[in-house]
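Please read the structure below before turning to the comments.
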Amino acid sequence: MLTKRLIACFDIVNGRVTKAVNFQDNIDVAPAETLAESMYEAQIDELIFYDIMASAEKRRIDIDTVKNVAQRVFIPFTVGGGIKNLDDMYEALKAGAEKISVDSMAVRNPQIIQDGAKAFGSQCIVLSTQVKRTPVTPQIPSGYEVYIDGARLATGKDAVEWIKHGQELGAGEICLNSIDCDGTLAGYDLALMKMAGAAVSVPLIASGGAGAPEHLKILFEETEAQAAIISSMLYSPRMERNYTVRELKEYLLKSRIQIRPPGGI
């Protein structure tokens with residue numbers, strides 16, 4: 001059994017981490033490099049950094065912020081936003097990222113997944129997908145539609161069919177971002193993760209909805225997710241209190257979830 005992972009995810013605007021609900025009303029939290037260093041010292045397993053305005057503003061990812069974060073952490077570090085081609089991937093990797101996340105551009109140009117996997121290896125390419133519940137139709141049989149550009153634009157694509165295609169093109173990992181659950185603190189979209197687990201064999205990351213340790217336990221027990229994004233629980237000002245990485249890992253270990261223990265246990 002693979003060890004489960006806890007991932008801190010940063011939505012970056014102008015070099016600063018923000019936090020939203022349902023991908024809207026972002027509030028400022030902290031400089032990206034400061035929060036990244038804090039999460040690293042707290043023994044988070046991985047980091048993901050999304051430059052959430054890059055695609056909408058039609059610009060490259062914020063390389064300076066990638067460099068600033070990479071200089072302070074020594075754990076797997078994924079970056080996404082504004083990645084349009086192999087040159088952008090190379091620049092992000094050179095700046096210190098270990099993996100590249102593709103999202104809106106992959107929908108517009110699926111070849112970027114295949115090109116990235118061929119150039120840098122499948123393990124380096126993460127397909128991140130923003131999905132929202134919608135009525136079941138012949139076009140969207142799963143009842144989940146893919147959105148792009150920071151959840152602003154519906155694509156008409158079925159989410160489950162899209163991640164299957166992404167795996168076929170060479171994505172080595174898939175991150176499913178639930179627009180409906182994002183920032184709600186009410187738990188992950190388990191139905192979505194179960195469908196995804198039945199559809200693909202690459203590692204799955206669940207994103208959107210975690211608000212209590214029990215949500216992590218249920219996710220790992222009931223779905224095939226190998227990793228969970230836990231942003232709000234760690235640093236959101238909207239939480240009554242934030243959890244520490246140690247608290248979460250100790251809880252999961254006591255619940256018999258296989259996860260890397262924090263130092264000192």
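The values are calculated or read from the model by the stated rules, or taken from the named source; none is laboratory data. Given the structure is predicted, the values throughout are model-derived calculations rather than measurements. Cβ sites come from the backbone with ideal geometry, for glycine too, and all protein chains shown count toward neighbours. We work out accessible area using only protein heavy atoms, side chains counted, and drop any ligands, DNA or RNA first. Shrake-Rupley method; radii C 1.70, N 1.55, O 1.52, S 1.80 Å.
Of all lysines in the structure, those lying under 25 Å Cα to Cα from LYS194, and not within fewer than 8 positions of it along the same chain, are LYS4, LYS99, LYS132, LYS157, LYS164, LYS217, LYS249, LYS254. Think of the chain as having a plus end and a minus end, set by charges on the Cβ of Lys, Arg, Asp and Glu; of THR223, ALA32, GLN167, THR223 sits farthest toward the positive end of this dipole.
Rounded to the nearest whole Hz, the Karplus-based 3J(HN,Hα) values (6.51 cos²θ - 1.76 cosθ + 1.60, θ = phi - 60°) of region 184-192 follow the sequence 7, 6, 9, x, 6, 7, 5, 4, 4, with x at glycine and proline. If the chain linking GLU98 and GLU37 were pulled fully straight, counting 0.36 nm for each residue of separation and taking away their Cα-Cα distance, it would gain 20.3 nm.
The calculated FRET efficiency for the pair ALA186 and ASN85, based on their C-beta separation and a Förster distance of 45 Å, comes to about 0.75. With θ taken as phi - 60° and the Karplus curve 6.51 cos²θ - 1.76 cosθ + 1.60 applied, the whole-hertz 3J(HN,Hα) list for region 152-158 is 8, 10, 6, 10, x, 8, 6 Hz, x standing for glycine and proline. Spacing of the modelled spin labels on LYS254 and GLU222, each 7 Å from Cα toward Cβ, amounts to 2.1 nm. Using the Stokes-Einstein relation with a Kirkwood hydrodynamic radius computed over Cα pairs, the translational diffusion coefficient of the chain at 10 °C and a viscosity of 1.306 mPa s comes to 88 µm²/s.
Per-residue Karplus couplings for region 218-229, computed as 6.51 cos²θ - 1.76 cosθ + 1.60 with θ equal to phi - 60°, are listed in order as 5, 4, 6, 7, 9, 10, 8, 4, 9, 8, 9, 8 Hz, Gly and Pro entered as x. In this view, the solvent-accessible surface of THR155, computed with a 1.4 Å probe and all protein chains in place, comes to about 50 Å². Annotation for THR244 and GLU57: the two label points, set 7 Å from Cα along the Cα-Cβ direction, are 3.6 nm apart. Computed over protein heavy atoms with a 1.4 Å probe, the accessible surface of the chain works out to 43 Å² per residue. When +1 charges are put on Lys and Arg Cβ atoms and -1 charges on Asp and Glu Cβ atoms, the dipole computed for region 119-265 relative to its Cα centre reaches about 340 debye.
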